[in-house]
Amino acid sequence: MTRSVLISGGGIAGPSLAYWLGTSGYAVTVVERAPGLRTSGAAPVDFRGDQLALLERMDVLDDIRGRQTGMGDQTVIDAGGRRLSTFPSALFSGDVEIERGDLARILYNRSAGAAEYVFGDHVTGMTQDADGVDVTFAHGAPRRFDLVVGADGLHSAVRHLVFGEESQFRHDLGLCVAGFNVPNTFGLDHGGLIYNEPGRLVMVTSGRDRARAAVCLMFTASLPDYDWRDTDGQKQIVADHFADVGWQAPALVTALRDAPELYFDTISQIRLGHWSAGRVALLGDAAWCTGPGGNGTGHAMLGAYTLAGELALAGGEHAAAYERYEQIMRPPVTKSQKTAAGAGRFLTPATERKIRNRNRTFRILSSSVMTGLFGWLAKRTATTGSLRDYPLSGLPGPVPAGQPSPR
C-alpha cells in the first residue's frame with residue numbers, strides 16, 4: 001500500500017523531501033501558506049564540500065550553477081563611501097552560490113511532478129493515532145496521512161501544534177534582519193558594499209541581475225513580542241533603528257517603505273530535545289534553525305535526503321527512521337549552531353573600536369593564504385562525512401513541472 005506523507009512548507013527543505021519521497025513511491029502532498037511559489041528572495045545561499053555531492057545526486061547542480069550569482073568581493077566602506085577593506089568572495093560564497101528564490105524555483109520544478117502542491121493554505125490542527133494523522137487546514141477539507149513532516153521554518157505551525165509554544169525552543173541571537181530589493185543605483189556589478197555603525201549593518205549587493213540590488217539591514221535588538229506577519233509594523237521597526245544611520249541608509253529606509261516585499265525576522269536558533277513525536281517529524285529550520293553562517297540551506301537539503309533515505313532503509317517504519325535521521329543530522333547541526341552563535345560580534349560590532357578591529361580582520365583574511373585557510377574551515381563546517389547511499393529511486397532526468405493549486 002502506498003504511504004501518504006504531508007509536508008508543511010514549500011521553501012527549500014519541503015520540496016527537497018518531496019522529491020526524494022515522491023520519486024520513491026510515496027504519495028506526497030506539500031502545503032504552503034503563501035499563495036504561490038516564493039521566488040522573490042534575493043538573499044544568497046551557498047553550498048560547500050559534501051553538499052555538492054548531494055546536489056549532483058539530486059541532479060540539480062548544473063541548474064544551480066547556471067543560475068549562480070557569480071558574486072565578487074564585498075567592499076567595506078565608511079560613511080563617505082570610501083573603501084576601508086575588502087571581504088573576498090571566497091570567504092562567504094562557498095563553492096557555488098545562488099539566490100534563494102532561484103533555488104526555490106529549481107527545487108519546485110524538480111519535485112512538482114512527484115508531489116501534489118497546495119498553495120494558499122496551512123495546517124491548523126492534527127490528531128494522530130496508531131495508524132495515521134488526521135489533519136485540518138485553514139481552507140481545505142480535513143485529510144488523513146500516514147506521516148506528517150513540518151518543514152515550515154522558524155515559526156513552524158506543525159512544531160507549535162505538536163511540541164508547544166515557539167518561545168520554549170527559540171533562542172534569539174540578539175539580532176534582527178530585514179531584506180528587500182531596490183534598483184541598482186550603486187553601480188554594482190557582481191559585488192557588494194558593507195557599511196557599519198555600532199550595532200547596525202547596511203549591506204547592498206548586486207549579482208546576476210545587474211538592474212537590481214539586494215539590501216540587507218541588520219541590527220542588534222531583542223524583539224520577543226513583534227508580529228511576524230505585520231509587514232507595515234516591521235518596516236517601522238527597521239526605520240526606527242536606522243533613523244540616525246549615515247551613508248545611504250536614509251534613502252534605503254525611504255525605499256523600504258514602498259518595497260512590495262520584505263523579509264524580516266529575528267536571527268534565532270531552534271533547540272529541541274527531539275525532532276519527532278509519534279508520526280510527526282520536523283525538518284530544516286523548523287527543527288534546528290542554525291543562524292547566519294550555519295549552512296542552514298545545505299543542512300535542510302541534506303536532512304531531507306537523510307530522512308527519506310532512513311525511511312527507505314527502515315521499510316517505512318517511521319519510529320526507527322526518525323531516530324536514525326536525528327542521530328545522523330544532530331552532530332553537524334549542533335556544530336553549525338555553535339559557529340553561528342557568535343555572528344553578531346562579526347556582523348554588527350557593538351562599538352566603533354570593535355568595527356575597526358573587525359575591518360582589520362577583514363584585511364588580514366583577504367590575503368591569499370588566509371582566504372584559503374578560511375575557505376577550508378568553512379568546508380569543514382559544511383562537511384558531515386561521506387554522503388550515505390540509500391535505496392532511493394530518484395528520477396534520471398528533469399521532473400516535469402506541475403502547477404500550483406489555483407487557491
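The values are calculated or read from the model by the stated rules, or taken from the named source; none is laboratory data. Worth saying up front: this structure is predicted, and the values here are computed from it rather than measured. Here the Cβ positions follow ideal geometry from the backbone for every residue, glycine too, while neighbour counts run over all protein chains shown. For accessibility, only protein heavy atoms count, side chains too; no ligands or nucleic acids. Shrake-Rupley method; radii C 1.70, N 1.55, O 1.52, S 1.80 Å.
On a full-extension model of 0.36 nm per residue, what is the gain between residue 313 and residue 62, subtracting their alpha-carbon distance, rounded to one decimal in nm?
Numbers: separation 251, 0.36 × 251 = 90.36 nm, distance 2.84 nm.
Going from the current span to full extension adds 87.5 nm.
Evaluate the distance, in nm, between pseudo-label points positioned 7 Å from the Cα of residue 53 and of residue 243 along their respective Cα→Cβ axes.
Here the modelled spin labels are 5.4 nm apart.
In whole percent, what relative contact order does the chain give with Cα contacts below 8 Å and a gap of six or more residues?
Normalised by residue count, the contact order of the chain is 24 percent.
If the convex hull of the alpha-carbon atoms of segment 188-245 is projected onto planes in all directions, what is the mean projected area in square nanometres?
Numbers: hull surface 19.7 nm².
Mean projected area of the Cα convex hull: 4.9 nm².
Just read off the accessible area of residue 83 with the full protein assembly in place, 1.4 Å probe, to the nearest 10 Å².
Counting only protein heavy atoms, the figure is 150 Å².
With the cut-off at 16 Å, report for segment 249-338 the share of all Cα pairs above it, as a whole percent.
59
Report the label-to-label distance for residue 210 and residue 144 in nanometres (one decimal), using points 7 Å from each Cα along the Cα→Cβ vector.
Result: 6.0 nm between the two label points.
As a test question: what accessible area, to the nearest 10 Å², does residue 274 have when a 1.4 Å probe is rolled over all protein chains in place?
Counting only protein heavy atoms, residue 274 exposes about 120 Å² to solvent.
Compute the relative contact order of segment 1-124 as a whole-number percentage, counting only Cα pairs closer than 8 Å that sit 6 or more residues apart in sequence.
On the way: 205 pairs, mean separation 49.1, N = 124.
For segment 1-124, the relative contact order is 40 percent.
Under the Karplus relation 6.51 cos²θ - 1.76 cosθ + 1.60, θ = phi - 60°, what is the ordered set of whole-Hz ³J(HN,Hα) values for segment 154-167, x standing for Gly and Pro?
Using θ = phi - 60°, the values come out as 3, 9, 4, 6, 5, 4, 4, 5, 9, 9, x, 4, 4, 4 Hz.
Ranked from the most accessible area to the least, with a 1.4 Å probe and all protein chains present, what is the order of 75, 348, 136? Intermediate values should be presented prior to the final figure.
On the way: 75 35, 348 10, 136 55 Å².
Ranking 75, 348, 136 by accessible area, largest first, yields 136, 75, 348.
State the Kirkwood hydrodynamic radius of segment 92-186 in Å, one decimal place, computed from all pairs of distinct Cα atoms.
Numbers: mean 1/r = 0.0586 Å⁻¹.
Computed over segment 92-186, the radius equals 17.1 Å.
In whole Å, what are the extents of the chain along the principal axes defined by its C-alpha atoms, from largest to smallest?
So the extents along the principal axes, rounded to whole Å, are 67, 44, 38.
How far, in nm, would the chain grow between residue 171 and residue 261 when pulled straight, counting 0.36 nm per residue and subtracting the alpha carbon separation? Write down the numbers at each step before the final one.
On the way: separation 90, 0.36 × 90 = 32.40 nm, distance 2.60 nm.
Full-extension gain reported as 29.8 nm.
Quick one: order 390, 325 from most to least accessible surface, probe 1.4 Å. Write down the numbers at each step before the final one.
Values: 390 30, 325 5 Å².
Reading off the accessible areas and sorting them downward yields 390, 325.
Run the 1.4 Å probe and let me know the accessible area of residue 59, rounded to the nearest 10 Å².
Probe radius 1.4 Å; accessible area of residue 59 about 70 Å².
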